[in-house]
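Worksheet: the structure to be examined is printed underneath.
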DNA sequence: GGGGAAGATTGATTTGGATCAAGGGGCGGC
DNA sequence: GCCGCCCCTTGATCCAAATCAATCTTCCCC
């Protein structure tokens, strides 16, 4: 029952203290590693950090020393322009890594903020780098995560550059749905952990437009939405609208 | 004199056959490597490839086995949606790497096409991977390139999500100008190797809008443009318009 | 449990850039 | 050297989403 509510932490801080029994190990760095390698990885991922809803994990300009693997909760990351304007670039779920864009330049070019009470593993990058040098499978996994991230970004560019407002929102809903599904949650019912303004910002729209789209999608019986709770009623039509076959959703 | 025309190949196929004396080594994989390591890198980058203007370097769906380092010329890369719609995601100049988004999935999710007659180094990724395992500095350089790429993409997201048409074009001009400057060419006069339609597609606009903006920028004495030749007349105002202080241009 | 603030919805109006349409110019191929 | 195609430019009109404005709702804090 509680498993149907992905907006709520799926593991508390007491459980899953090691990679070996972490509930998101299939989606995180350990994916594809043998037990022996996972044990080594575990040596450097001992430190955990709790971040309360609305608090920053890191800020733009902070020195880069760690990557962060999300254990529970969710985050948004965003870049800030010289004029203070902000663009949400990413919503991150358990098993995903934050801070990859900070390696070159040794300082975080974006910030990350918890959307709900969350917990992360702290990965000191210098140690991770050293370990990857000895463990080719980990190396490959790091490349894979970087590469996957680039692929995703390209699909978001398509969304922002070419797609209408309704297609953008449909694509986001399908994307989040499939990411929750991968984590063992319901693909059809979930709680969006971010406010409408963040969704709008991410999609290059305004909160008003997003709100109107939710209303319209409900009239068209595509979804049922009550505040941040969402139920997808017609996955086929919504996917069609999103143009999801090889685009945004990808193989998530 | 010829140096002022970066749209034209800066090295022909006969010269610069090794990383050690390649004119873009400061911008490419060898950056930060000692001579011994560059020699090792050279062993696996022997193969060159010529790509004529308009021809593909690789297509979406092609199996991934190589990265490509641009020696001369330029490329666009783009993703194609299920409905055939295309989004240009990147313009690539000498010293830059193509194909990074193909590692995960082992197949190219985007395609790359030469904008002018171009030449690339073929980097078999399995060999590069093996070498990086032995050479930490190369490893670091690969991370750095991935990370830099992610950072750039975030800035383009800001452009497409939040910026007006004139700001987008100004940002692109400033960005290309600074990239040419890094390569030793004039920052104020250059030849755009891509047609207006590609610029428009990349910026999430139409060719008509881009054309009108060039006209307006000329009236406002920001640039002088004749077809694909561009001269930046007022870098300060253009940068202001682009909002370039920590955003798109970054530290390029 | 009540007050307040932030977030969400809905409506009216405006507008930036798309779309539709019609030339004009440069360059590669023959 | 000329033809034809592609690319670019310019103009007129339209429309999707922004903006402006006014509630309504939720839930957090006291």
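Every number in this text was worked out from the coordinates using simple rules, so none of it is lab data. The shown structure was predicted, so the numbers you read here are calculated from the model rather than taken from an experiment. Note: ideal-geometry Cβ built from the backbone for every residue, glycine included; neighbour counts use all protein chains shown.
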At q = 0.11 Å⁻¹, what base-10 log of I(q)/I(0) does the Debye formula yield for the protein assembly as shown when every alpha carbon is treated as an equal point scatterer in vacuo? -0.97
Please give, to one decimal in nm, the separation of the simple spin-label points placed at residue B:133 and residue A:219, each 7 Å out from Cα toward the Cβ. 6.0
Taking the radius of gyration and the Kirkwood hydrodynamic radius from Cα positions alone, what is the Rg/Rh ratio for segment A:87-156, to two decimal places? 0.96
Thinking of segment B:41-97 as a set of Cα atoms, what percent of all their pairs are more than 14 Å apart? 63
Sort B:218-230, A:76-88 by packing, meaning the average of other beta carbons within 10 Å per residue, with the highest value first. A:76-88, B:218-230
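Sorted from fewest to most neighbouring beta carbons within 10 Å, what does the list B:122, B:210 look like? Walk me through the numbers before you get to the answer.
On the way: B:122 16, B:210 23.
Least to most surrounded, the residues fall as B:122, B:210.
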How high is the FRET efficiency between residue A:240 and residue A:85 when r is their beta carbon distance and R₀ equals 35 Å, given to the nearest 0.05? 0.55
What is the fewest-to-most order of B:177, A:65 by other Cβ atoms lying within 10 Å of their Cβ? A:65, B:177
Tilt relative to chain B, helix B:125-134 - C-alpha long axis, 0 to 90 degrees, to 10: 70
Rg to Rh, two decimals, where segment B:94-252 supplies the alpha carbon set and Rh follows Kirkwood: 1.01
Shortest first and in nm with one decimal, please list how far the residue A:137 label point sits from its counterparts in the other copies (point 7 Å along Cα→Cβ). 3.2
For chain A the mean separation of alpha carbon contacts under 8 Å (6+ apart) over residue count, i.e. relative contact order in percent, is 20
Using a basic spin-label model with each label point 7 Å from the Cα along Cα→Cβ, how many nm lie between residue B:191 and residue B:231? 1.6
Quick one: label points 7 angstrom along Cα→Cβ at residue A:117, distances to the other copies in nm, smallest first? 6.7
Using 1/(1 + (r/R0)^6) with R0 = 60 angstrom and r between the beta carbons of residue A:181 and residue B:211, what's the FRET efficiency to the nearest 0.05? 0.85
Exposure proxy ranking, count of Cβ atoms within 10 Å, fewest first, for A:158, B:194: B:194, A:158
Taking the simple approach of a point 7 Å from Cα along Cα-to-Cβ for both residue A:62 and residue A:26, what is their distance in nm? 3.0
With one decimal in nm and the nearest listed first, the spacings from residue A:236 to its own position in the other copies, using label points 7 Å along Cα-to-Cβ, are 6.3
